[in-house]
Amino acid sequence: DVVMTQSPLSLPVTLGQPASISCRSGQSLVNSDGNTYLNWFQQRPGQSPRRLIYKVSNRDSGVPDRFSGSGSGTDFTLKISRVEAEDVGVYYCMQGTHWPKTFGQGTKVEIK
Amino acid sequence: EVQLVESGGGLVQPGGSLRLSCATSGFTFSIYWMGWVRQAPGKGLEWVANIKRDGSEKYYVDSVKGRFTISRDNAKNSLYLQMNSLRAEDTAVYYCARRDESGNDGDYWGQGTLVTVSS
């Protein structure tokens, strides 16, 4: 199975400040079709996961533009340009290139 | 509006069985891959199973192979997960999730249903 490693696992952030989460995969996530199936999900307390980013850097409809994704191959990053109170929750990266699909351990974002 | 609503969770003894359902609406169910994802209490996410649009291909994570069966009824716009030989480690909230038309998983999720395996 492809191991997804996130860091940090806990991220205290001041409101209005930027935040960055790293995700590394144990092998390349470039699919045979040329796409890289790396998604980012947000899970607010008590809620279902919500997809923010798909294929590394594509924002889902309705996702604020303060969220951005980047990376390639095995190294990926989710950035929040200015953290707002509603961004509190756990963030997961997920690879969909290889079966079984696997998630990172999750990064808990909280307000300082 | 796209909706996915899971049901069928509950308390079951080890070795028992349970069938989860995911009723969908607001989209053409038959053209989407679907899957089940679980989350043990206080833990992370685990993708359990996927099924192709017409049900002809199914994929399972190793930990549930031979015990769980994913299926769908496109006429009823519903997804199912038959869970047999349940173990304590299967205790989790189970979510159904859709794969979008471009092959990216998890564009929509249900609210989840809790399965507790305990004597």
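The values are calculated or read from the model by the stated rules, or taken from the named source; none is laboratory data. Remember, predicted model here, so these are calculated numbers, not experimental data. A quick note on method: Cβ atoms are made from the backbone with ideal geometry, for glycine too, and the neighbour counts reach across all protein chains shown. Ligands, DNA and RNA are stripped out before the accessible areas are found, and what is left, the full protein with its side chains, is counted by its heavy atoms. Shrake-Rupley method; radii C 1.70, N 1.55, O 1.52, S 1.80 Å.
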- Task: Please work out how much accessible surface B:Tyr59 shows to a 1.4 Å probe, ignoring ligands, DNA and RNA, in Å² rounded to 10.
- Result: 80 Å²
- Per 10 angstrom bin, beginning at 0 and ending with the bin that holds the maximum distance, the Cα pairs of the protein assembly as shown fall in percents of 8, 33, 36, 19, 4, 0
- Note on the structure: Cross-link reach from B:Lys58 to lysines, straight Cα distance under 16 Å and at least 8 residues apart if same chain, gives A:Lys101
- Task: Return the long-range amide H neighbours of A:Thr36 (sequence gap of 5 or more, or a different chain), with a cut-off of under 5 Å between placed amide H atoms.
- Result: A:Asn31
- Query: Distance in nm between label sites at B:Lys65 and B:Thr28, each 7 Å beyond Cα in the beta-carbon direction?
  - Reply: 3.4 nm
- Task: Quick one: go through the stretch B:14-48 and flag any residue whose amide nitrogen is under 16 Å from the point 7 Å out along the Cα-to-Cβ line of B:Lys58.
- Result: B:17-22, B:33-37, B:48
- Message: Among B:Ser21, B:Ser56, B:Ser30, which one shows the highest mean-square fluctuation when chain B is modelled as a Gaussian network with alpha-carbon springs under 10 Å?
- Response: B:Ser56
- Tally Lys and Arg at +1 and Asp and Glu at -1 over the other residues with C-beta under 15 Å from the C-beta of A:Asp65: what net charge comes out? 0
- Note on the structure: So the B/A interface buries, both sides summed and with a 1.4 Å probe, an accessible area in Å² (nearest 100) of 1600 Å²
- Nearest-0.05 FRET efficiency for B:Arg19 and B:Ser102 at R0 = 25 Å, using Cβ-Cβ distance, is 0.25
- Can you tell me the relative contact order of chain A? Whole percent, Cα pairs under 8 Å, sequence separation 6 or more. 38 percent
- Provide the FRET efficiency to the nearest 0.05 for the B:Ala40-A:Asp65 pair, computing r from the beta carbons and using R0 = 35 Å. 0.55
- Distance check, please: which entries in A:Lys79/B:Lys43; A:Lys55/A:Lys112; B:Lys43/B:Lys65 exceed 25 angstrom between their Cα atoms? A:Lys55/A:Lys112
- Item | Size of electric dipole in the protein assembly as shown: Cβ of Lys, Arg +1 and of Asp, Glu -1, about Cα centre, debye, nearest 20 | 200 debye
- Message: Just to confirm, what accessible area per residue do you get for the stretch B:54-117 at 1.4 Å probe, in whole Å²?
- Response: 43 Å²
- Item | Residue mean of other protein chain beta carbons inside 10 Å, B:101-113 | 5
- Message: To check my understanding: the extent here is largest minus smallest coordinate of the Cα atoms along each principal axis. What are those three numbers for the stretch A:58-112, in Å, largest first?
- Response: 35, 21, 20
- Could you give the nm distance between label points at B:Glu89 and A:Asp33, where each point is 7 Å from its Cα heading toward the beta carbon? 3.2 nm
- Accessible surface of A:Leu11 - all protein chains present, 1.4 Å probe, nearest 10 Å²: 30 Å²
- Message: Please report the net charge: other residues with Cβ closer than 9 Å to the Cβ of A:Val90, K and R +1, D and E -1.
- Response: +2
- Message: Defining a contact as two alpha carbons under 8 Å apart and six or more residues distant in sequence, what relative contact order in percent does chain B show?
- Response: 35 percent
